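The structure appears right after this line, and notes come after that.
The values are calculated or read from the model by the stated rules, or taken from the named source; none is laboratory data. Quantities reported herein were computed from a predicted structural model and do not represent experimental measurements. Cβ sites come from the backbone with ideal geometry, for glycine too, and all protein chains shown count toward neighbours. Just the protein is used for accessible areas: all its heavy atoms, side chains included, with ligands, DNA and RNA removed. Shrake-Rupley method; radii C 1.70, N 1.55, O 1.52, S 1.80 Å.
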Amino acid sequence: MLSASPTSGRIALRKPLPASGNLQVIPTSVRYQQQGVVGANYGAQRQNSLVACGAASIEREVIGNSPLPPSLSSKATGLATLSIDDTGPAYEGIITDSSTRPTGLYVRVRNMVKHFNTAKGLFRAVDGVDVDIEPSTIVALLGPSGSGKTTLLRLIAGLEQPTGGSILFDDVDATDLSVQDRQIGFVFQSYALFNHKTVAENIKFGLEVRKLNIDHDQRVQDLLALVQLQGLGDRYPRQLSGGQRQRVAMARALASNPRLLLLDEPFGALDAVVRKQLRAGLREIVRSVGVTTIIVTHDQEEAFDLADKVVVFNRGLVEQQGKPTDIIKHPRTPFIMKFVGETNVVPATSLLTKRMRFSTTKSLVMFRPHDIKLFKSPPTEESPVTVAATVADKANLGWTIKYMLRFDDDVECELQLTRDQDENEYNLLLGSRVFVYVNPKSMMGFNKSDIDSTPLV
């Protein structure tokens, strides 16, 4: 008879000890690490349905078939939570306590290369990439279509074989490991759920295929609680919303305690409100179980909201990687500045750039709309040097107000304000004259080729 027993940091189930007899004891520090992947139907990238289940690797320290020492025999009752019996180990639930939960993999990608032969020539999908992914962190691979981010994810998963380079999991060379041996869980954009199976059966699938010797039903219930789908185990995927199906896919990927979780555009098919709600849930789940997570996305808000580290790709190369705030505040290349956030683009010969005394050999200059400092009155001696402009248009976008400013040389730029800022400080009238200052340190010169993201073939 299984009995529930609340434990700090985990959802736990315990089996009572027999009243007497020899016991097999597992120390409290022991962890069972089941590793693997359950995936299916990788969309257009794989026409044939893929179901790869990783072999379980269970590490345990067992003192078996030996009587307890006298000092412990009188305290057998206190050891009830540590026992196993002939049916296998007692299921201890999902460990969420940071001091005892398994540590995620440390992933290192070194000089990774993946080339494809196409009708148009050699396509350099990944062309010499180095990335470090720290254990138990969330890393977002961000970039436009064809930039190499999904190819790198597939290389890490073992779904593609590299042309060159290496992948290390902790200190083990995983470059040539099969999918089954990579200790990973995969969540696909299409979720790849089995429509003929219930939610519980979908989650249980990997456990059954790999015949893990734990209480499968209780594991399913614990995972449903983790993803906040209690009571929905008997439903079929078609009876769920898109957000609920995404959470089922997450629960299935976590069923065997993978140390690496890979997510390929997991929120792509959902509307903006649901995506935002699920991002918060995903972040909480990932941090609670301590699994290293890599997410591929083209959504900047998603990447910067979720990730501890963002890796921005373009044309098979890493343009910049680091903390989200560093990438936003300190773009290293014109591509990063143009791709991450909104920008104004003006000719390098425009009145604005000349007046701001910004000098560049490039043909164009960009800066952020929020870098504009606006004056409604002509500048005084104490004011910075400005350039006059006319308010050409105003767009009301809810909590954001956008003004289009036209300079006397017919060059235009956009000013963004919050609604409160506009109502309390500006409230500009169309056709009115204003005076603009942009700090030249916030400007960046570039040519069109510097921001081109067309895949190279």
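Quick look at the values:
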read-out	value
Scan of segment 357-369 for residues that are surrounded by 14 or more Cβ atoms within 10 Å (Cβ to Cβ) and within 15 Å of residue 438 (Cα to Cα), ordered by number	358, 365, 366, 367, 368, 369
Selected residue [touching a Gly at 6+ places or on another chain (Cβ under 9 Å), farther than 26 Å from residue 332 by Cα and of a type in the set (S, T, N, Q)] from 400, 390	390
Cross-chain or 6+ apart pairs with Cβ under 7 Å, segment 336-347 first and of a type in the set (Phe, Trp, Tyr), then open to solvent by 40 Å² or more (accessible area, probe 1.4 Å) and part of a loop (DSSP other than H, G, I, E, B)	none
Search result, residues across segment 126-175 that are within 25 Å of residue 301 (Cβ to Cβ) and of a type in the set (D, E, K, R)	132, 134, 149, 154
Test set (1) free of Cβ contacts under 8 Å to residues at least 12 places away in the same chain; (2) in contact with a Ser or Thr (Cβ under 8 Å, 6 or more places away or on another chain); (3) closer than 22 Å to residue 316 by Cβ - residue 116 fails condition number	(2)
Within segment 268-298, tally of residues that are part of a loop (DSSP other than H, G, I, E, B) and within 17 Å of residue 254 (Cβ to Cβ)	2
Test: residue 454 is under 30 Å from residue 115 (Cβ atoms) and hydroxyl-bearing (Ser, Thr, Tyr)	yes
Sole residue being under 23 Å from residue 294 (Cβ atoms), of a type in the set (Lys, Arg), touching a helix residue (DSSP H, G or I) at 6+ places or on another chain (Cβ under 7 Å) and modelled with pLDDT of 80 or more, chosen from 252, 235	252
Some residue of segment 275-284 being touching a strand residue (DSSP E or B) at 6+ places or on another chain (Cβ under 6 Å), of a type in the set (A, V, I, L, M) and within 20 Å of residue 107 (Cβ to Cβ)	no
So residue 363, is it closer than 30 Å to residue 121 by Cβ and either out of contact with any strand residue (DSSP E or B) (no Cβ under 6 Å at 6 or more places or on another chain) or at pLDDT below 95 (or both)	yes
Options 377, 449; residue that is closer than 30 Å to residue 145 by Cβ, surrounded by fewer than 11 Cβ atoms within 10 Å (Cβ to Cβ) and of a type in the set (S, T, N, Q)	449
Members of segment 281-310 that are polar (S, T, N, Q) and either without any contact (Cβ under 8 Å) to a residue 12 or more places away in the chain or surrounded by fewer than 22 Cβ atoms within 10 Å (Cβ to Cβ) (or both)	288, 300
Residue in segment 382-399 that is open to solvent by 50 Å² or more (accessible area, probe 1.4 Å), of a type outside the set (D, E, K, R) and assigned to a strand (DSSP E or B) present	yes
Residue within segment 316-333 that is under 21 Å from residue 410 (Cα atoms) and buried (at least 16 other Cβ atoms within 10 Å of the Cβ) present	no
